[in-house]
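Student: Got a structure for you, questions after.
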Amino acid sequence: MKIEIITPDKKVFDGEIKSVRVPGKKGSFQVLKDHAPIISTLENGPVIIVDMANNESIFEINGGVIEVKANKIILLAESVK
Amino acid sequence: MPNLKAIRVRIASVKSTRQITSAMKMVSAAKLRKAQDKIVRLRPYANKLHDILVNLSQSLAESQVENIYAREGSPEKVLIVMITSNRGLCGAFNANVVKEARNLVAEVYYDQYKKGNVGFLTIGKNGYDNMRKHKFTIAAEYNDLLNDLTFERTVTIAEKVMQAFTTGEYDRVELIYNHFKNAALQQLTREVFLPVQSVQGDVKASVNADYIYEPGKEEIIRELIPKSLKIQFYKAILDSFVAENGARMTAMHKATDNATTMISELTLQYNKARQASITNQILEVVSGAEALKG
């Protein structure tokens with residue numbers, strides 16, 4: 001599935017991944033392939049991405065919102081460290 | 001006939017001015033491109049956020065969401081945010097904003113102004129200096145923002161403005177800035193920043209999938225509205241920044257053209273004067289020789 005992590009200043013990440021873990025408002029949750037459509041606001045915290053080669057990369061985000069639909073994930077973050 | 005030396009000095013000085021203006025044109029062209037890139041990068045974020053908001057507000061009746069950024073009734077305390085530039089030499093760019101702000105006070109908010117309830121927030125040194133010269137009270141100035149324009153730095157200002165609105169310090173906030181049409185054309189824009197206008201959008205843009213909303217539609221909207229306000233604020237400043245560089249580029253381009261015309265006129269004048277003086281000298285020599293012969 002595909003993910004885009006976007007901030008107002010730039011596109012931080014764009015690519016195919018296996019899974020992503022995000023700091024949801026009601027607790028951290030993981031999105032795998034064929035996840036049901038969801039819109040959720042996010043807290044400050046780490047976004048952990050596992051890419052196709054099983055490498056993990058971590059982005060610290062400062063609040064945001066995530067939309068998952070038909071194996072396409074869009075994550076809007078106000079800033080990313 | 002002006003003397004040769006004076007013209008020569010004049011030509012040299014116009015030439016060096018032309019060099020400066022053409023260099024400035026080049027610099028603003030580069031800055032313009034960089035600023036435009038920033039707008040392009042902002043667009044996906046702004047569009048997506050807008051889509052989600054439209055999507056949500058369509059599935060929710062407007063009245064269900066209490067919105068601290070909406071308020072009814074006629075405004076009592078007004079904040080006018082003026083976005084200008086820090087540097088001059090960009091044509092009527094700044095003058096237009098200042099004129100619009102003063103018109104707004106004179107025509108729309110005169111009553112509030114007489115009670116001392118109109119504040120100005122200036123971004124850009126030019127607007128600040130101009131309003132101070134005309135004895136307006138400046139509530140706040142953020143002139144150094146434009147030296148390093150980033151989203152994070154802008155957000156702190158937007159947050160202060162939004163907080164001033166929610167605490168009731170102001171009940172209406174308007175933005176005045178130049179919208180970038182193209183490099184040669186800026187469009188003066190006045191828009192109401194707060195209270196928020198209801199979210200509108202075409203139905204087609206929002207695909208109604210069966211979303212799970214977490215933590216809930218209202219909470220999400222409540223969190224997204226300030227986000228989208230911040231984006232609106234940033235967009236206005238970025239827009240103005242792009243327009244500024246466009247305006248400066250055009251102004252400097254015209255100045256360079258004018259200098260070129262001036263140089264060619266002066267050169268013509270110089271050559272005429274040179275020719276005249278040569279003719280004069282020959283005449284003197286010939287008539288001197290004639291006199292000796294006689």
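The values are calculated or read from the model by the stated rules, or taken from the named source; none is laboratory data. Note that this is a predicted model, so its numbers are computed, not measured. Counting neighbours? That spans all protein chains shown, and the Cβs are built from the backbone with ideal geometry, glycine included.
Student: Would you please name the residue that is surrounded by the fewest Cβ atoms within 10 Å (Cβ to Cβ), looking only at residues in the stretch B:212-233 that are among the β-branched types (Val, Ile, Thr) and more than 19 Å from B:Arg153 (Cβ to Cβ)?
Tutor: Restricting to residues being among the β-branched types (Val, Ile, Thr) and more than 19 Å from B:Arg153 (Cβ to Cβ), the top hit is B:Ile212.
Student: Buried (at least 22 other Cβ atoms within 10 Å of the Cβ) and either among the basic types (Lys, Arg) or touching a strand residue (DSSP E or B) at 6+ places or on another chain (Cβ under 9 Å) (or both): is that true of B:Ile157 in this structure?
Tutor: no
Student: Only one residue in B:Phe120, B:Phe136 is among the aromatic types (Phe, Trp, Tyr), buried (at least 17 other Cβ atoms within 10 Å of the Cβ), part of a loop (DSSP other than H, G, I, E, B) and touching a helix residue (DSSP H, G or I) at 6+ places or on another chain (Cβ under 9 Å). Which one?
Tutor: After applying the criteria, what remains is B:Phe136.
Student: Looking at B:Ala205, B:Ala236, B:Ala276, B:Ala209, which one is modelled with pLDDT under 95 and buried (at least 20 other Cβ atoms within 10 Å of the Cβ)?
Tutor: Values: B:Ala205 fails: buried (at least 20 other Cβ atoms within 10 Å of the Cβ); B:Ala276 fails: buried (at least 20 other Cβ atoms within 10 Å of the Cβ); B:Ala209 fails: buried (at least 20 other Cβ atoms within 10 Å of the Cβ).
Unique residue meeting the criteria: B:Ala236.
Student: In the stretch A:7-23, how many are in contact with an Asp or Glu (Cβ under 6 Å, 6 or more places away or on another chain) and within 11 Å of chain B (Cβ to nearest Cβ)?
Tutor: Residues flagged as in contact with an Asp or Glu (Cβ under 6 Å, 6 or more places away or on another chain) and within 11 Å of chain B (Cβ to nearest Cβ) within the stretch A:7-23 amount to 1.
Student: OK, next. Which residues, counting only those in the stretch A:28-81, are among the acidic types (Asp, Glu), within 11 Å of chain B (Cβ to nearest Cβ) and outside any strand (DSSP E or B)?
Tutor: A:Glu78
Here's the yes/no breakdown for (1) in contact with a Gly (Cβ under 9 Å, 6 or more places away or on another chain); (2) touching a residue at least 24 places away in the same chain (Cβ under 8 Å):
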{"site": "B:Leu42", "(1), (2)": "no, yes"}
{"site": "B:Leu49", "(1), (2)": "no, yes"}
{"site": "B:Tyr69", "(1), (2)": "no, yes"}
{"site": "B:Lys77", "(1), (2)": "yes, yes"}
{"site": "B:Leu89", "(1), (2)": "no, yes"}
{"site": "B:Ala106", "(1), (2)": "no, no"}
{"site": "B:Phe120", "(1), (2)": "yes, yes"}
{"site": "B:Gly127", "(1), (2)": "no, yes"}
